[in-house]
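Undergrad: Handing you a structure now.
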Amino acid sequence: MVSLSGFGNCWKACPVMAISCYDMVHYGHSNQLRQAKSMGDYLIVGVHTDAEISKHKGPPVFTQEERYKMVRAIKWVDEIVEGAPYVTTLETLDKYNCDFCVHGDDITLTVDGKDTYAEVKQAGRYRECKRTQGVSTTDLVGRMLLMTKAHHSNMVNYQQHTDNFGKGATAHSPWTGVSQFLQTSQKIIQFASAKEPQPGDTIIYVAGAFDLFHIGHVDFLEMVYKQAERAYVIVGLHFDQEVNRYKGKNYPIMNIHERTLSVLACRYVSEVVIGAPYAVGKDLLDHFKVGHGSRLLSVL
Ligand code: CTP
């Protein structure tokens, strides 16, 4: 078990557990971990091995090492249990001193069709949180394979997006690529750090698409964060049309709303600029006080 928050062995009033595959980690997973953390005061996340996932539902897209790293980078996570068993038992919860575990309101089955949470549900040590609508690994893979741009955030797609919204899970084909995710100010507030830069912080600005947030992005943002003792990292996100202009095809695979949440969930990020200009000029750095109070650091 690896502690991420520096709490180490100190007293934890209510540790809670979330245990899953966490393959192709997206903001739906982050939102589940955010909700799980709010049900206790210390979040331990169990992540299954490749072998366990392959046995019960087929091979994962990302390796266990990649999946561990992605989960570690989510800011609500305090500890990771690598190789947590696919079936969650009372023994596992007791081992980590957790009163209960938290899962989204969908069911996970073993290869024999048994509910992987049956034992803990029966013992009353299971809590449910709401799944985030409009995102799943299947939907993201569908967008990539079908080369659709319907998920982009613009007025051309607006009618299609709203026409499809709210017709229920069966009306929403994962293969249309049309995200039913609707961004709200509440969701942004829930994900945002709400921290202003403090005197003595080094403000660092980085910009890009940060599409399909992956371990390359995590490695980069970790490196940026470590540039200073007290880094305040601002990530500028380009609008969908801008990303499409320089990446082509149907990129970005995740629209600006989705990319905002993916980046905000990362523990190395303090603030996000939603729709940052492509060119990084002096005005922009001055506006965000990049380098003020310490040395200038701009990583592109
Ligand atoms: N989850 C969620 N919202 C989503 C997707 C997943 O709240 N849109 C939750 C699941 O309910 C689970 C946790 O995130 O509690 C980890 O999900 P996991 O079982 O690893 O994956 P899936 O549920 O299969 O996610 P996906 O459909 O994206 O593959």
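The values are calculated or read from the model by the stated rules, or taken from the named source; none is laboratory data. Note that the structure is predicted; figures quoted are calculated from it, not measured. Here Cβ is always computed from backbone atoms with ideal geometry, including for glycine, and neighbour counts include all displayed protein chains. Ligands, DNA and RNA are stripped out before the accessible areas are found, and what is left, the full protein with its side chains, is counted by its heavy atoms. Shrake-Rupley method; radii C 1.70, N 1.55, O 1.52, S 1.80 Å.
Undergrad: So Arg143 passes all but one of these: (1) surrounded by fewer than 18 Cβ atoms within 10 Å (Cβ to Cβ); (2) within 13 Å of the ligand (Cβ to nearest atom); (3) of a type in the set (Lys, Arg). Which condition number does it fail?
TA: Going through (1) surrounded by fewer than 18 Cβ atoms within 10 Å (Cβ to Cβ); (2) within 13 Å of the ligand (Cβ to nearest atom); (3) of a type in the set (Lys, Arg) one by one, Arg143 breaks only (1).
Undergrad: Just wondering, is there one or more residues in the stretch 64-75 that are part of a loop (DSSP other than H, G, I, E, B), under 29 Å from Gly216 (Cβ atoms), within 14 Å of the ligand (Cβ to nearest atom) and under 18 Å from the mean Cα position of the chain (by Cα)?
TA: No, there is no match, as no residue in the stretch 64-75 is part of a loop (DSSP other than H, G, I, E, B), under 29 Å from Gly216 (Cβ atoms), within 14 Å of the ligand (Cβ to nearest atom) and under 18 Å from the mean Cα position of the chain (by Cα).
Undergrad: Sort out which residues of the stretch 112-123 are within 15 Å of the ligand (Cβ to nearest atom), in a loop (DSSP other than H, G, I, E, B) and out of contact with any Leu (no Cβ under 7 Å at 6 or more places or on another chain), and write them in order of number.
TA: Tyr117
Undergrad: Looking at His152 and the list (1) open to solvent by 10 Å² or more (accessible area, probe 1.4 Å); (2) modelled with pLDDT of 90 or more; (3) of a type outside the set (S, T, N, Q), which single condition is not satisfied?
TA: (2)
Undergrad: Looking at (1) under 18 Å from Leu33 (Cβ atoms); (2) open to solvent by less than 40 Å² (accessible area, probe 1.4 Å); (3) part of a helix (DSSP H, G or I), which is the one condition that is false for Gln190?
TA: (2)
Undergrad: Okay, next question. From the set of residues in the stretch 102-134 that are open to solvent by less than 30 Å² (accessible area, probe 1.4 Å) and not polar (S, T, N, Q), which is nearest to Asp41 (Cα to Cα)?
TA: Among those residues, the one meeting the criterion is Val102.
Undergrad: When only residues in the stretch 48-61 that are without any contact (Cβ under 8 Å) to a residue 60 or more places away in the chain and in a loop (DSSP other than H, G, I, E, B) count, which is most open to solvent (accessible area, probe 1.4 Å)?
TA: Pro59
Undergrad: List pairs: first in the stretch 237-262 and among the β-branched types (Val, Ile, Thr), second in a helix (DSSP H, G or I) and buried (at least 18 other Cβ atoms within 10 Å of the Cβ), Cβ under 6 Å, 6+ apart or cross-chain?
TA: The qualifying pairs are Ile253/Arg143; Ile256/Asp240.
Undergrad: Filter the stretch 32-47 down to the residues that are open to solvent by 10 Å² or more (accessible area, probe 1.4 Å) and in contact (Cβ under 8 Å) with a residue 24 or more places away in the chain, then identify the one that is farthest from the ligand (Cβ to nearest atom).
TA: Result: Asp41.
Undergrad: Could you say whether any residue in the stretch 83-101 is open to solvent by 40 Å² or more (accessible area, probe 1.4 Å), in a strand (DSSP E or B) and either away from the ligand (no atom under 12 Å from the Cβ) or of a type outside the set (Lys, Arg) (or both)?
TA: The answer is no, given that none of the residues of the stretch 83-101 is open to solvent by 40 Å² or more (accessible area, probe 1.4 Å), in a strand (DSSP E or B) and either away from the ligand (no atom under 12 Å from the Cβ) or of a type outside the set (Lys, Arg) (or both).
Undergrad: Which residues, taken from the stretch 225-262, are outside any helix (DSSP H, G or I), among the aliphatic types (A, V, I, L, M) and closer than 13 Å to Ser153 by Cβ?
TA: Leu237, Ile253, Met254
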